[in-house]
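Asks: Let me give you the structure first, and then I'll get to my questions.
The values are calculated or read from the model by the stated rules, or taken from the named source; none is laboratory data. What you see is a predicted model; the values in this text were computed from it and never measured. Heads up, the Cβs are rebuilt from the backbone with ideal geometry, glycines too, and the neighbour counts pull from every protein chain shown. Please note that ligands, DNA and RNA were not included when accessible areas were found on the heavy atoms of the full protein model with its side chains. Shrake-Rupley method; radii C 1.70, N 1.55, O 1.52, S 1.80 Å.
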Amino acid sequence: MGEAALMPQLQALTAGLPMPAPGKLTFTLDSAEMAAKADFIQENVPESLELKLRVLEPISKVADPDVVISSSTSGFMPSELHTGISHPERIIVGHPFNPVYLCPLVEVVGNSQTSPDVKEAAAEFYRSIGMHVLPLKREVSGHLSDRLQESMWREILHMVNDDIATTSEIDESIVYGPGLRWAIMGISQLYMLSAGEGGVEYFFKQFGPSVDWPWSHNTAPAVTRDIIDRFASGTADQAAGKSVREQEKVRDECMVAIQSVGEVQHGIWKNSK
């Protein structure tokens with residue numbers, strides 16, 4: 001998406017806030033030139049470990065040892081990114097979410113080799129550009145959010161494969177149900193609310209046994225041509241002729257509206273006064 005398509009939503013989200021003057025972008029195909037001049041490096045190449053290492057290794061040898069090198073990887077751990085890297089203590093994961101210009105979350109992940117100063121410098125940088133920083137206690141494949149999303153993705157594949165529901169029906173079950181709650185509070189907190197005044201003990205007494213019921217799958221089915229075709233036709237029907245860009249515009253406008261209703265404070269959406 002170009003700037004003309006992105007700016008209306010971003011401006012709507014930041015209306016009334018003191019924003020810095022627009023900066024300038026400089027492009028280069030020379031990674032060494034970039035690394036020599038950068039104060040903070042964010043790697044965004046496709047999700048291939050081989051490719052990431054091929055890009056990160058020469059950059060790490062040119063960049064100043066104090067420069068943080070952060071990877072946007074959705075699933076690789078910092079320890080997997082250290083091979084052949086100079087000063088691996090400054091390599092971290094800074095995992096943002098799509099669309100990055102509207103989703104404030106960024107997961108910051110280090111490991112035993114990571115310098116605490118590097119993690120703090122990264123967190124400070126991300127906060128300075130309006131991100132919500134979530135430092136992870138330790139590295140784990142898929143980090144936090146993607147592990148949760150992956151579990152739902154696997155169950156979706158089973159539902160499509162077993163002809164339980166179409167992509168439209170699956171999405172409706174979220175959009176008009178729990179998705180409305182998830183935009184306001186986290187799943188854990190909402191589960192506790194469902195127990196009412198009984199609290200945690202009552203919740204686990206009432207709903208705890210269901211974790212052993214055969215409702216869901218832990219592994220995904222084989223991704224066959226049939227599953228892919230069902231997804232393609234299902235999501236095409238849902239699009240109703242709208243292009244990807246037109247659908248992105250609807251998504252972005254809704255995200256701005258949700259975030260404009262309240263403010264994020266300690267992970268809880270609070271109504272604006």
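Asks: Find the relative contact order for the chain and round it to a whole percent, using C-alpha pairs within less than 8 Å whose residues are 6+ positions apart. Working shown, then result.
Replies: Working: 288 pairs, mean separation 40.0, N = 273.
15 percent.
Asks: Per residue, what accessible area does segment 94-152 have, given a 1.4 Å probe and all protein chains present, in Å²?
Replies: Details: 3300 Å² over 59 residues.
I get 56 Å² per residue for segment 94-152.
Asks: Taking Cα atoms, how many degrees apart are the long axis of helix 49-62 and the longest axis of the chain, rounded to 10 and kept between 0 and 90?
Replies: Rounded to the nearest ten degrees, it is 30.
Asks: Considering the options Val108, Met7, Ser70, tell which one lies farthest towards the positive end of the dipole of the chain, charges being +1 on Lys and Arg and -1 on Asp and Glu at the Cβ, about the Cα centre.
Replies: Met7
Asks: What nm value, rounded to one decimal, do you get for the distance between Tyr191 and Ile258 when each label is placed 7 Å out toward the C-beta?
Replies: Simple spin-label model gives 2.0 nm for this pair.
Asks: Oh, and also: Structure shown: which of Lys52/Lys137; Lys137/Lys205; Lys37/Lys137 lie over 27 Å apart, alpha-carbon to alpha-carbon? List each step's numbers first, then the result.
Replies: Numbers: Lys52/Lys137 24 Å; Lys137/Lys205 29 Å; Lys37/Lys137 31 Å.
Among Lys52/Lys137; Lys137/Lys205; Lys37/Lys137, the Cα-Cα distance tops 27 Å for Lys137/Lys205; Lys37/Lys137.
Asks: Also, quick follow-up: Contour minus end-to-end for Thr224 and Val100, with contour as 0.36 nm per residue of separation and end-to-end as the Cα-Cα distance?
Replies: Fully extending the segment from Thr224 to Val100 adds 41.6 nm.
Asks: Quick one: pull the percent of accessible area on segment 170-255 belonging to carbon and sulfur, 1.4 Å probe, ligands and nucleic acids left out. Can you show the working numbers first?
Replies: Values: 3940 of 6490 Å².
With neighbouring chains kept in place, the figure for segment 170-255 is 61 percent.
Asks: Right, here's the next one. Want the number for Phe231 to Arg181: 0.36 nm per residue separation, take away the alpha-carbon distance, what's left?
Replies: Numbers: separation 50, 0.36 × 50 = 18.00 nm, distance 2.57 nm.
Extra length from Phe231 to Arg181 when fully extended: 15.4 nm.
Asks: Give me the tail of P(r) for the chain as a percent: Cα-Cα pairs with distance above 27 Å.
Replies: Details: 19641 of 37128 pairs.
Roughly 53 percent, once rounded to a whole number.
Asks: Suppose R0 equals 45 Å. What FRET efficiency, 1/(1 + (r/R0)^6) with r the Cβ-Cβ distance, do Ile164 and Glu120 give to the nearest 0.05?
Replies: Values: r = 47 Å, r/R0 = 1.04.
That gives a FRET efficiency of 0.45.
Asks: In segment 123-273, if the dipole is taken from +1 on Lys/Arg beta carbons and -1 on Asp/Glu beta carbons about the Cα centre, which of Pro221, Gly177, Ser141 is farthest to the positive end?
Replies: Selected residue: Ser141.
Asks: Also, I was wondering about something else. For the full complex of protein chains and a 1.4 angstrom probe, list Tyr126, Tyr101 by accessible area with the highest value first. Numbers along the way, then the final one.
Replies: Values: Tyr126 10, Tyr101 60 Å².
Correct descending sequence by accessible area is Tyr101, Tyr126.
Asks: Here's another thing I want to ask about it. Can you say what percent of the DSSP beta bridges in the chain, counting only those with both residues inside, are antiparallel? Round to 5.
Replies: Working: 8 of 19 bridges.
In the chain, approximately 40 percent of DSSP beta bridges are antiparallel ones.
Asks: May I pose another question? Let me know the charge dipole size of segment 85-242 about its Cα centre in debye, to the nearest 20, where only the beta-carbon of Lys, Arg (+1) and Asp, Glu (-1) is charged.
Replies: On the way: 12 positive and 20 negative charges, 79 e Å.
Value, rounded to 20: 380 debye.
Asks: I've got another one for you. Under a point spin-label approximation (7 Å from Cα along Cα-to-Cβ), what is the Glu201-Ala15 distance to one decimal in nm?
Replies: 4.9 nm
Asks: Something else about it: Going by accessible area, probe 1.4 Å, with all protein chains left in place, what is the ranking of Phe231, Phe27, Phe125, largest first?
Replies: Largest to smallest exposure gives the sequence Phe27, Phe125, Phe231.
Asks: Under a straight-distance cross-link criterion of Cα-Cα below 13 Å, which aspartates and glutamates are reachable from Lys242, leaving out those fewer than 8 residues away in the same chain?
Replies: Lys242 reaches no qualifying aspartates and glutamates.
Asks: Still on this structure, please answer the following. With all protein chains present, calculate the accessible area of His132 using a 1.4 Å probe and round the result to the nearest 10 Å².
Replies: Its heavy atoms expose roughly 80 Å² to the probe.
Asks: Using +1 on the beta carbon of Lys and Arg, -1 on that of Asp and Glu, and nothing else charged, what's the dipole of the chain about the Cα centre, debye to 20? All intermediate terms of the calculation are to be shown ahead of the outcome.
Replies: Details: 22 positive and 36 negative charges, 100 e Å.
For this selection, approximately 480 debye.
Asks: Regarding segment 1-102, what is the average projected area of its C-alpha convex hull, in nm²? Provide the component values of the computation, followed by the final result.
Replies: Working: hull surface 30.6 nm².
Mean projected area for segment 1-102: 7.6 nm², to one decimal.
Asks: Suppose every Lys and Arg Cβ carries +1 and every Asp and Glu Cβ carries -1, with no other charges. What dipole size does segment 1-133 come out with about its Cα centre, to the nearest 20 debye?
Replies: Numbers: 8 positive and 16 negative charges, 46 e Å.
Taking the Cα centre of segment 1-133 as origin, the dipole is about 220 debye.
Asks: Rounded to the nearest 0.05, what FRET efficiency do Gln238 and Ser216 have when you use their Cβ-Cβ distance and R0 = 22 Å?
Replies: On the way: r = 23 Å, r/R0 = 1.05.
Using R0 = 22 Å, I get an efficiency of 0.45.
Asks: Same structure, new question: In deg cm²/dmol, rounded to 500, what helix-only [θ] at 222 nm does the chain give when every DSSP H run of at least 4 residues adds -39500 (n - 2.57) and the total is split over its residues? Numbers along the way, then the final one.
Replies: Values: 11 runs with 126 residues, N = 273.
The helix-only estimate for the chain comes to -14000 deg cm²/dmol at 222 nm.
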